[in-house]
Amino acid sequence: MKQKLKVLIIFDVPERPTSTDWSRHFRPEDWKNELDIIQAVKKIGHEVRLLGVHDRIRPLITEIRRHPPDIVFNLLEAYVNDRRHESNIAGLLDLLNVKHTGSDAATLSICRNKLFAKRILAPHRIKTPRSVVFPLGKTNRSLKNLKFPVFVKPLGQGGSDGIAQKSFAEDTPACLERVRFLHDHLKTDALVEEYIEGREVYASVIGNQRLRVLPLREMIFTQFPEEKPKFATFKSKWDDSFRRKWGIQNIFAAPLPNGMEKKIAHISRTAFRALNLRGYGRLDLRITPENEIYVIEVNPNPALTREDEIAQSALKAKISYPRLLQRILWLGYQSQ
Ligand SMILES: Nc1ncnc2c1ncn2[C@@H]1O[C@H](COP(=O)(O)OP(=O)(O)OP(=O)(O)O)[C@@H](O)[C@H]1O
Ligand SMILES: [Mg+2]
């Protein structure tokens, strides 16, 4: 790889941009991912250009023609604010024959549909919660094969959208109420899963062929009443005052039972390969009191701010933030 790359960093913006002065769009609280990455990629010494995408593709194609990048740092998670189109942008970059960071279109869309991801993981004997899908507008699916309590979430959203205390349902009426809520308010299919009681652990992985599982992280709930179920809602991830109130912290995983870390690393690598992730990813796992490991989600494009799990895990493995991003660029550059 050349020392100095032309890196085009692309990201989604909530409205059609009226100027290309991106600094005007970036309020630090909402644009942490972009700001941290831009700063670090510049600091590495690469030549950086930026492009925000909302509802038009032509500016992206024009930018790539006029200023051919060595690689695109793909931070786009939505198109016209719709996460279902995330994968199409990676597909477009492949059609344009431009190298890019992260996974390709197929992996992005399979991982976004949590049911498809489960089906791919199942033959590898990776446990995922048993589930039933309630397609948009349908509430007549049978729940008789699921054990309560259950957890109700959007089938294909991400970013913790639609995940709240009411996602946890102890009986059929509560479950159906949440299903209807997701149908009505998020206009999405609902995935009802058996609720997996236990510790919440995050495994970050980097690599293409050779995969490295970074030190595990864990979300802990220090001020929650003992009997209250503990899981990561939108608020428990993003709302600082909520986190303070309930003593929610993300830490390096407290000691795990013997051999568990190895098992998690094996599961993480197997899932990464089975779903054909590229460059980097993060698995969200739950570990039951009986020491069973469940994969809750495979994220092919987890957030990459300095504070996020993958950056923290990398730091613990003595990989500085700029080195992590350099590695992600290199893995993207190498893999096409
Ligand atoms: N079946 C389940 N059993 C127990 N907890 C669950 C289950 N499914 C989801 N959760 C909880 O909800 C959180 C969010 O779920 P999930 O990761 O599937 O959604 P997401 O919106 O894709 O999240 P992210 O913010 O990681 O993109 C999990 O981290 C976990 O705490
Ligand atoms: Mg998740």
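The values are calculated or read from the model by the stated rules, or taken from the named source; none is laboratory data. It should be emphasised that the depicted structure is a prediction, and the values quoted were computed from it without experimental measurement. Ideal geometry is used to build each Cβ from the backbone, glycine not excepted, and the neighbour counts take in all protein chains shown. These accessible areas exclude ligands, DNA and RNA; they are computed on the full protein's heavy atoms, side chains included. Shrake-Rupley method; radii C 1.70, N 1.55, O 1.52, S 1.80 Å.
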- Among (1) closer than 30 Å to V295 by Cβ; (2) in contact with a His (Cβ under 7 Å, 6 or more places away or on another chain) - the single one R49 does not satisfy: (1)
- Query: For the stretch 278-302, what are the residues that are within 16 Å of ligand 2 (Cβ to nearest atom), in contact with a Leu (Cβ under 9 Å, 6 or more places away or on another chain) and assigned to a loop (DSSP other than H, G, I, E, B)?
  - Reply: P300, N301
- Query: Somewhere in the stretch 246-263, is a residue within 19 Å of the chain's Cα centre (by Cα) and either open to solvent by 70 Å² or more (accessible area, probe 1.4 Å) or within 20 Å of D104 (Cα to Cα) (or both)?
  - Reply: yes
- Message: Considering only residues that are in contact with a Ser or Thr (Cβ under 8 Å, 6 or more places away or on another chain) and within 16 Å of ligand 2 (Cβ to nearest atom), which ones fall in the stretch 262-277?
- Response: L275, L277
- Note on the structure: For P300, the lone unmet condition from (1) over 15 Å from the mean Cα position of the chain (by Cα); (2) within 13 Å of ligand 1 (Cβ to nearest atom); (3) open to solvent by less than 40 Å² (accessible area, probe 1.4 Å) is (1)
- Message: I267 - would you say it is over 23 Å from L155 (Cβ atoms), open to solvent by less than 70 Å² (accessible area, probe 1.4 Å) and within 16 Å of ligand 1 (Cβ to nearest atom)?
- Response: no
- Item | Output for the stretch 265-293, where each listed residue is over 24 Å from A254 (Cβ atoms) and either touching an Asp or Glu at 6+ places or on another chain (Cβ under 9 Å) or without any contact (Cβ under 8 Å) to a residue 24 or more places away in the chain (or both) | N276, R278
